[in-house]
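This report concerns only the one structure given below.
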Amino acid sequence: MLAPGSAVFHIRVPHPSRVLCGRVGDFDFPTLTAHLTGVRNFEILFDQAEASNSPDSAKQDPAYQQYGSLAFPALPSDRPWIYSNFVQSLDGIVSFKGRHATGGDISQLAEDRWLMDFLRVHSDAVLLGINTLIEETQLLGNRGPVYAIEDPALRRLRDKLGRTTQKNVFVTGAAALNLSEYQVFDAAAVETFIITTPTGARRLAEKNSHPHVKVIVSGEGDFVDLAPAMRALRQHHGIERLLCEGGPTLYGYMSRAGLIDEKFITISPLEIGLFVPREQEPADAERKNPPKERPTTFMAPGFIKENAPWWQWLSCRRIGDHQFNRYRRRR
Ligand SMILES: NC(=O)c1ccc[n+]([C@@H]2O[C@H](COP(=O)([O-])OP(=O)(O)OC[C@H]3O[C@@H](n4cnc5c(N)ncnc54)[C@H](OP(=O)(O)O)[C@@H]3O)[C@@H](O)[C@H]2O)c1
């Protein structure tokens with residue numbers, strides 16, 4: 001029986017790539033199917049974000065009954081409004097590493113996967129560090145995920161909101177990967193961008209394998225200067241709202257550069273621990289050099305007491321023991 005007001009969401013055993021890119025993780029999906037026939041409505045504990053500014057045709061969409069309204073402030077003048085989305089354990093960890101390294105393994109909740117799609121609906125593009133793509137592709141053993149909206153109802157909502165083709169933007173200093181090994185760079189998947197250094201751009205140009213992938217060049221040495229790249233996304237490619245889905249290295253550099261305006265954080269009621277325990281089996285790609293630690297949400301040089309940024313806690317929702325927070329950076 002569905003809870004009153006909950007929308008029907010047909011849960012199916014997804015293609016493995018969706019499992020990995022969609023935080024549903026490597027847990028017992030058929031069991032979940034048996035117990036969960038719909039995505040439950042989010043219980044709103046408080047929400048101080050602005051009122052909806054969606055067109056009337058979209059305002060009545062069932063997604064807003066499930067989540068409540070979702071609106072964003074006016075755009076900055078020269079770059080996109082940038083919001084992130086992470087799921088973390090109670091102790092702030094975002095990946096077990098090993099064979100269960102995805103966000104889905106942390107969340108293990110269909111509603112969190114739905115929220116990931118819902119946040120994608122409201123963005124023009126999804127921004128990712130290249131390691132997230134590489135690691136998830138290695139775990140999957142095929143040509144990896146595409147970071148796209150899975151739920152057809154939410155794809156329709158995106159159309160109503162007037163947002164165009166879905167876009168994936170990857171950051172890599174080195175651009176050492178072979179694009180043919182990843183389906184996300186196929187012409188038909190989503191529109192793709194690579195933000196890289198002059199060295200990385202040269203490497204891609206020499207291969208010349210994917211002329212449809214747009215390359216944005218910024219920075220020097222191995223380091224991408226993210227601020228000019230964000231301006232280029234807005235000014236040359238019309239990206240007004242950008243969703244940063246990590247990983248924690250990219251997120252840390254973005255935050256340190258003052259480029260994260262908001263963070264959506266799901267807190268999963270799990271305790272994981274920073275150090276990888278002896279009994280954890282490494283993933284095949286880790287065998288030669290298994291990691292000793294797990295990542296937190298922020299894996300770049302951070303702040304000192306004098307410049308650590310403060311965040312306004314804008315909203316809080318819950319489903320069972322999972323908590324869904326939204327924070328906006330105080331400027
Ligand atoms: N729980 C969650 O919500 C969540 C979300 C996303 C990811 N994850 C997990 O996090 C793990 C991956 O995270 P990660 O931190 O290792 O990787 P990541 O942030 O996805 O990617 C890091 C890479 O991005 C490039 N990069 C980022 N910032 C750069 C800069 N300013 N200049 C130059 N290059 C830059 C570098 O690529 P090059 O080395 O090519 O130069 C760097 O090695 C995976 O296990 C994934 O499943 C969890």
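Could you say whether any residue in segment 41-54 is in contact (Cβ under 8 Å) with a residue 40 or more places away in the chain, within 29 Å of residue 276 (Cα to Cα) and not in a loop (DSSP other than H, G, I, E, B)? Among the residues of segment 41-54, not one is in contact (Cβ under 8 Å) with a residue 40 or more places away in the chain, within 29 Å of residue 276 (Cα to Cα) and not in a loop (DSSP other than H, G, I, E, B), which makes the answer no. Scanning segment 82-106 for residues that are under 24 Å from residue 169 (Cα atoms) and small (Gly, Ala, Ser) yields a count of 5. If you filter segment 169-189 down to residues that are under 19 Å from the mean Cα position of the chain (by Cα) and surrounded by fewer than 19 Cβ atoms within 10 Å (Cβ to Cβ), you find that the one that is nearest to residue 126 (Cα to Cα) is 189. When 224, 215 are checked against the criterion of being over 10 Å from residue 174 (Cα atoms) and among the β-branched types (Val, Ile, Thr), a single residue qualifies: 215. Which count do you get for residues in segment 90-103 that are in contact with an Asp or Glu (Cβ under 8 Å, 6 or more places away or on another chain), among the small types (Gly, Ala, Ser) and more than 9 Å from the ligand (Cβ to nearest atom)? Count: 1.
Rundown of residues vs (1) out of contact with any Lys or Arg (no Cβ under 9 Å at 6 or more places or on another chain); (2) at pLDDT below 95; (3) not in a loop (DSSP other than H, G, I, E, B), yes/no style:
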site	(1), (2), (3)
75	no, no, no
79	no, no, no
83	no, no, yes
90	yes, no, no
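The values are calculated or read from the model by the stated rules, or taken from the named source; none is laboratory data. Everything numeric here is computed off the predicted structure, so don't read it as measured data. Here Cβ is always computed from backbone atoms with ideal geometry, including for glycine, and neighbour counts include all displayed protein chains.
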